[in-house]
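First the structure, in the form of structure tokens, and then the observations on it.
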Amino acid sequence: MTEANDQNNLSRSNRKVAFACLGMFSFMIAAAYAAVPLYDLFCRVTGFGGTTQVAEQESEMVIDRVITVRFDGNVNHALPWDFKPAQRSVTLKMGETAQLPYIAANVSDGRTVGTSTFNVTPTSAGVYFNKLDCFCFTEQALEPGESVEMPVVFFVDPEMDKDPMLEHVKEITLSYTFFPVEQPEQPVAARADSPAAETNL
């Protein structure tokens with residue numbers, strides 16, 4: 001009788017451990033998914049790591065202090081693209097809106113899809129670099145030999161002039177890197193047709 005009780009107690013203990021492990025695993029998965037948007041929000045609010053800001057309208061103030069913005073374009077080795085800014089730099093007043101296109105060309109003989117990441121240096125200037133329009137984090141599909149212009153519309157917040165850490169900064173570099181998208185997003189219509197196609201097989 002004692003042996004049976006011991007086995008029952010052991011089984012209950014094992015089940016408790018299993019449920020605890022399952023609960024911890026589920027929590028870690030949920031935390032991992034939540035961490036991505038929270039980290040993205042943190043970066044956008046603070047400019048951490050050179051993350052730029054998103055603006056909905058142009059600056060209401062333009063000051064005399066000028067800043068030179070340099071542009072850099074890079075491509076991951078797995079993506080057969082040429083990618084570069086139309087010009088290497090522009091000098092403008094803080095608060096003044098500027099537009100500059102990047103040029104991307106697919107140099108392969110097949111359709112390719114890329115998406116970009118970006119940052120600015122010095123990284124502490126990220127919180128003052130505002131984009132009104134950008135191709136960032138948007139999938140870009142290019143047919144063989146196709147070339148496109150992708151504009152960036154931006155301004156440097158005049159508040160940067162009040163930051164003692166950046167009072168001697170005269171240049172900001174905006175850098176993009178394109179990576180291949182292995183599983184491009186499908187249009188809604190294509191996704192809707194997919195189950196029907198599978199059913200007919």
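The values are calculated or read from the model by the stated rules, or taken from the named source; none is laboratory data. All figures in this text were calculated on a predicted structure; none of them were measured in a lab. Here Cβ is always computed from backbone atoms with ideal geometry, including for glycine, and neighbour counts include all displayed protein chains. Just so you know, the surface numbers come from the protein's heavy atoms only, side chains and all, with ligands and any DNA or RNA stripped out. Shrake-Rupley method; radii C 1.70, N 1.55, O 1.52, S 1.80 Å.
Scanning the range 104-122 for residues that are more than 18 Å from VAL69 (Cα to Cα) and either open to solvent by less than 40 Å² (accessible area, probe 1.4 Å) or not in a loop (DSSP other than H, G, I, E, B) (or both) yields ALA104, ALA105, ASN106, SER108, GLY110, THR112, VAL113, GLY114, THR115, SER116. In the range 170-184, which residue that is touching an Asp or Glu at 6+ places or on another chain (Cβ under 9 Å) and in a loop (DSSP other than H, G, I, E, B) is farthest from PHE71 (Cα to Cα)? Only one residue tops the list, namely PRO184.
Restricting the range 123-162 to residues that are assigned to a helix (DSSP H, G or I) and among the β-branched types (Val, Ile, Thr) leaves a set whose member that is surrounded by the fewest Cβ atoms within 10 Å (Cβ to Cβ) is THR123.
Inclusion of ALA4 among residues that are surrounded by fewer than 10 Cβ atoms within 10 Å (Cβ to Cβ), at negative phi and either under 21 Å from the mean Cα position of the chain (by Cα) or modelled with pLDDT under 90 (or both) is warranted.
Please count how many residues of the range 163-178 are open to solvent by 10 Å² or more (accessible area, probe 1.4 Å) and either basic (Lys, Arg) or touching a strand residue (DSSP E or B) at 6+ places or on another chain (Cβ under 7 Å) (or both).
Qualifying residue count for the region: 5.
Return a yes/no flag: does the range 47-64 have any residue that is modelled with pLDDT of 55 or more, under 20 Å from GLU139 (Cβ atoms), assigned to a loop (DSSP other than H, G, I, E, B) and open to solvent by 50 Å² or more (accessible area, probe 1.4 Å). Within the range 47-64, not a single residue is modelled with pLDDT of 55 or more, under 20 Å from GLU139 (Cβ atoms), assigned to a loop (DSSP other than H, G, I, E, B) and open to solvent by 50 Å² or more (accessible area, probe 1.4 Å).
Kindly provide the set of residues from the range 86-103 that are of a type outside the set (Val, Ile, Thr) and surrounded by fewer than 20 Cβ atoms within 10 Å (Cβ to Cβ), ordered by number.
Matches in the range 86-103: ALA86, GLN87, ARG88, SER89, LEU92, LYS93, GLU96, ALA98, GLN99, LEU100, PRO101.
If we scan the range 71-79, do we find a residue that is modelled with pLDDT under 95 and in contact with a Leu (Cβ under 7 Å, 6 or more places away or on another chain)? Scanning the range 71-79 turns up no residue that is modelled with pLDDT under 95 and in contact with a Leu (Cβ under 7 Å, 6 or more places away or on another chain).
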